[in-house]
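The structure under discussion appears below in the form of structure tokens.
The values are calculated or read from the model by the stated rules, or taken from the named source; none is laboratory data. Because the structure is a prediction, the values reported are computed rather than measured. With ideal geometry, Cβ positions are generated from the backbone for all residues, glycine too; neighbour counts draw on all protein chains shown. These accessible areas exclude ligands, DNA and RNA; they are computed on the full protein's heavy atoms, side chains included. Shrake-Rupley method; radii C 1.70, N 1.55, O 1.52, S 1.80 Å.
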Amino acid sequence: MIVRTRFAPSPTGFLHIGGARTALFSWAFAKKHKGDFILRIEDTDVARSTPEAVQAILDGMHWLGLDYDEGPFYQMQRMDRYKEVIQKMLDEGNAYYCYCSREELDALRENQMQQGVKPRYDGRWRPETGKVLPQPPQDVSPVIRFRNPQSGNVVWNDLVKGEISIANQELDDLIIARGDGTPTYNFCVVVDDWEMGITQVIRGDDHVNNTPRQINMLMALGATIPQYAHLSMILGDDGQKLSKRHGAVSVMQYHEDGYLPEAVLNYLARLGWSHGDDEIFSMQQFCEWFDLDHITPSAAQFNTEKLNWINAHYIKQASAESLAADITQRLVKLGANVSEQPNLLAVINLYKERVSTLNELATNIAYFYQKPVMDAAAAEKHLTNDIKPVIAALAELLKAADWQAESIHHAINEVVTQRQLKFPKVAMPLRVMLTGIAQSPSIDQVMALLGKDEVLARIEQVLK
Ligand code: GLU
């Protein structure tokens, strides 16, 4: 049997972290088994679905590199097919018209609540042998309900949660088409999972309650029942349900904030799944290792610090060439003018092992391409009146220096020795003058890249 999985987002917002993890697991499962991964856009909630949200899903999938073998299929384009299947269910006695008005249903509900029983449809329009149904009223457009079995249990072996069994008595007859004939959410999912030949439904556990109903409908259609894997939810750093409150939850926001897609994927893969103690691995490796047995049924907790650590690893590992285009864009956004000098690749190499995000990288190196913004506290601390003449003397030496990190280092050393100072006593004010802050990689390397004219100009600017 060929494995066929799907990711079926509703385009009502952005592609969030939870959705991306569901997509990743479905994608990896298909890849591992050399099967197909399908993208299906569940856009039947017309009031909440937007083209922007569809685009956000496509952009997010593209950025992460989660390629699909089929789709995107749009449910709104499959309405005719759903209606055909509804007709089939009516014809076969698995569905029926229900003429209850809203008022009637409200009264029924009210009554049940008063009696302390769970509100549910009482089956008044459900055909049974020997039962005489009421005369259909003229003024009500009927909904169509699925004729759910009334006895027995729906049982499935959830690949994450283990065996789940729900008594059919708990399930009332679900509406599968509204009064205007449009099919409802659960029904569309059923038709699609059936016709798209989905073998494993991997989705968030907010759908567990839909599963017994969907299985019953699939059985009524004579479909093969897929396996189900319900992933636990993702909690924020603080253990609360992940939400905007926790900062970025949209996948594209991570892009904007300077995370690499491979870092986000690697991080997401470990959210609720493990392979021993392995933390850093490629997607190719993940697809080989991935299975549904090692998914934890308990909620996974988001850990920004760990994501940053993984991102730092991937940035360190990336070549400067592969980062340059992205970093250029971020520098331009910061208002920097990325000219040919200083050489961007060399600048990136000088900094890429020191940062956790690409934004941090761009912010840290912006001073190479624009005048540094002087940190007032650092300036006050390091640009003291007694150090200024020392720097002035150094500037004289630098004017004559051959512009290599080594000779620059040598010049600083000379001044330091002459004045019987410690190296940082001179290096710190230099950092502040040249970069705006008191932290930087080795100052002679920074100076070498910045260029002689620029270094002397920045020093002069402060000394004058
Ligand atoms: N469209 C549903 C959602 O975005 C997912 C449905 C499913 O995976 O079965 O939550």
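Being within 33 Å of the chain's Cα centre (by Cα), buried (at least 20 other Cβ atoms within 10 Å of the Cβ) and either of a type in the set (Lys, Arg) or part of a loop (DSSP other than H, G, I, E, B) (or both) is the requirement here; does Arg354 meet it?
So Arg354 fails the test.
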Qualifying residue in segment 82-93 (condition: exposed (fewer than 12 other Cβ atoms within 10 Å of the Cβ), more than 24 Å from Leu24 (Cα to Cα) and in contact (Cβ under 8 Å) with a residue 24 or more places away in the chain): yes
Any hit, segment 59-73, residues being assigned to a helix (DSSP H, G or I), within 14 Å of the ligand (Cβ to nearest atom), free of Cβ contacts under 8 Å to residues at least 60 places away in the same chain and surrounded by 12 or more Cβ atoms within 10 Å (Cβ to Cβ): yes
Considering residues of segment 1-45 that are in contact with a Gly (Cβ under 7 Å, 6 or more places away or on another chain) and among the aliphatic types (A, V, I, L, M) only, the residue nearest to Glu288 (Cα to Cα): Val3
Number of the exception - Val249 against (1) within 16 Å of the ligand (Cβ to nearest atom); (2) β-branched (Val, Ile, Thr); (3) surrounded by fewer than 18 Cβ atoms within 10 Å (Cβ to Cβ): (3)
Tally of residues being open to solvent by 10 Å² or more (accessible area, probe 1.4 Å) and either more than 14 Å from the ligand (Cβ to nearest atom) or in contact with an Asp or Glu (Cβ under 8 Å, 6 or more places away or on another chain) (or both) across segment 30-45: 6
Leading residue by the ranking (nearest to the ligand (Cβ to nearest atom)) among those in segment 212-240 that are open to solvent by 40 Å² or more (accessible area, probe 1.4 Å) and not in a helix (DSSP H, G or I): Met233
Residue ID - farthest from the chain's Cα centre (by Cα), chosen from residues in segment 158-207 that are open to solvent by 30 Å² or more (accessible area, probe 1.4 Å) and within 13 Å of the ligand (Cβ to nearest atom): Trp194
Asp278 being open to solvent by 50 Å² or more (accessible area, probe 1.4 Å) and under 21 Å from Trp27 (Cβ atoms): yes
Filter pass, Glu128 being among the acidic types (Asp, Glu), exposed (fewer than 15 other Cβ atoms within 10 Å of the Cβ), in a loop (DSSP other than H, G, I, E, B) and on the phi < 0 side of the Ramachandran plot: yes
Qualifying residue in segment 40-58 (condition: more than 33 Å from the chain's Cα centre (by Cα) and touching a residue at least 24 places away in the same chain (Cβ under 8 Å)): no
Hey, Arg6 assigned to a strand (DSSP E or B), surrounded by 18 or more Cβ atoms within 10 Å (Cβ to Cβ) and either away from the ligand (no atom under 16 Å from the Cβ) or touching a residue at least 12 places away in the same chain (Cβ under 8 Å) (or both) or not: yes
Residue within segment 104-116 that is surrounded by 17 or more Cβ atoms within 10 Å (Cβ to Cβ), modelled with pLDDT of 95 or more and on the phi < 0 side of the Ramachandran plot present: no
Of all residues making up segment 226-255, the number that are of a type in the set (D, E, K, R) and touching a Pro at 6+ places or on another chain (Cβ under 7 Å): 0
Long-range neighbours under 6 Å by Cβ, at least six apart or interchain, first residue in contact (Cβ under 8 Å) with a residue 24 or more places away in the chain within segment 196-210, second within 9 Å of the ligand (Cβ to nearest atom) and of a type outside the set (S, T, N, Q): Ile198/Arg6
Odd one out for Ser243 among (1) within 16 Å of the ligand (Cβ to nearest atom); (2) of a type in the set (Gly, Ala, Ser); (3) more than 15 Å from the chain's Cα centre (by Cα); (4) exposed (fewer than 15 other Cβ atoms within 10 Å of the Cβ): (3)
Subset of segment 46-58 [open to solvent by 40 Å² or more (accessible area, probe 1.4 Å), of a type in the set (A, V, I, L, M) and under 11 Å from Ser10 (Cα atoms)]: Val46
